[in-house]
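Heads up, the thing below is written out as C-alpha cells.
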Amino acid sequence: MSITHIEHIGIAVSSLEETIPFYEQLLGTKCYNVEEVKDQKVKTAFFMVGQTKIELLEPTDPEGPIGKFIASKGEGMHHIAFATTGIEDELQRVEANGVRLIDKSPRPGAEGLSIGFLHPKSTHGVLTEFCQDKNKK
Ligand code: ZN
C-alpha cells in the first residue's frame with residue numbers, strides 16, 4: 001500500500017464553458033470527460049497530462065465547497081490529489097501521524113474514484129486528497 005503518483009490537480013473555475021476551451025488550447029489536448037458530482041455541488045471537466053489529470057471544478061451551488069472557495073479566494077488552485085493503492089490504510093496512516101481528516105472514510109468522487117480529503121490546516125495550507133481507482137490494480 002502506498003502513494004503512487006499525483007492523480008490530479010483540482011482548479012476552481014467560475015465557468016467550464018469558458019475554461020474548457022482555454023485549457024484545450026493551453027494543453028493542446030481535448031477535455032475527455034465532463035461530470036457532475038452532486039455530493040460536492042460541482043461540475044468537473046478532465047484533461048489528461050501524462051498520467052496526471054487536470055480537474056476543473058465549476059460550482060453548481062454558491063453554497064457548496066467550490067462556490068464558497070471562489071467567493072472568498074477567487075478562481076485558482078484548489079487541491080492536489082495523490083493516487084494510492086490502499087486509501088483506507090493511507091487515511092489511517094496519516095491520521096495516526098497527526099493529520100486531521102475531513103473524510104474519516106472514503107467516499108465516491110468523480111470518475112468512479114474513492115476519495116478522501118485531508119484538512120488543509122494540518123497539511124501546511126494545501127487541501128490534499130487521497131484517491132484510489134478500485135477498478136484498477
Ligand atoms: Zn479531486
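The values are calculated or read from the model by the stated rules, or taken from the named source; none is laboratory data. Just so it is clear, the model here is predicted, and its values are computed rather than measured. FYI the Cβ positions are ideal-geometry reconstructions off the backbone, even for glycines, and counts take in every protein chain you see. Heads up: the accessible areas ignore ligands, DNA and RNA and are worked out on the full protein's heavy atoms, side chains in. Shrake-Rupley method; radii C 1.70, N 1.55, O 1.52, S 1.80 Å.
Counted as qualifying within the stretch 24-114 are the strands (runs of 3 or more DSSP E) with 3 or more residues that are at pLDDT 95 or above and in contact with a His (Cβ under 8 Å, 6 or more places away or on another chain), namely 52-59, 76-84. Of all residues in the stretch 115-136, those being touching a residue at least 24 places away in the same chain (Cβ under 8 Å) and surrounded by fewer than 19 Cβ atoms within 10 Å (Cβ to Cβ) number 4.
Residue check: H8 meets all listed conditions (1) within 16 Å of the ligand (Cβ to nearest atom); (2) crowded, with 16+ Cβ neighbours inside 10 Å; (3) more than 25 Å from K134 (Cα to Cα) but one, namely (3).
Residues that are under 16 Å from the mean Cα position of the chain (by Cα), of a type in the set (S, T, N, Q) and open to solvent by 80 Å² or more (accessible area, probe 1.4 Å) within the stretch 24-59 comprise just one, Q51. Return the only residue of P21, P62 being open to solvent by 80 Å² or more (accessible area, probe 1.4 Å) and farther than 26 Å from S2 by Cα. Being open to solvent by 80 Å² or more (accessible area, probe 1.4 Å) and farther than 26 Å from S2 by Cα holds for just one of P21, P62, which is P62.
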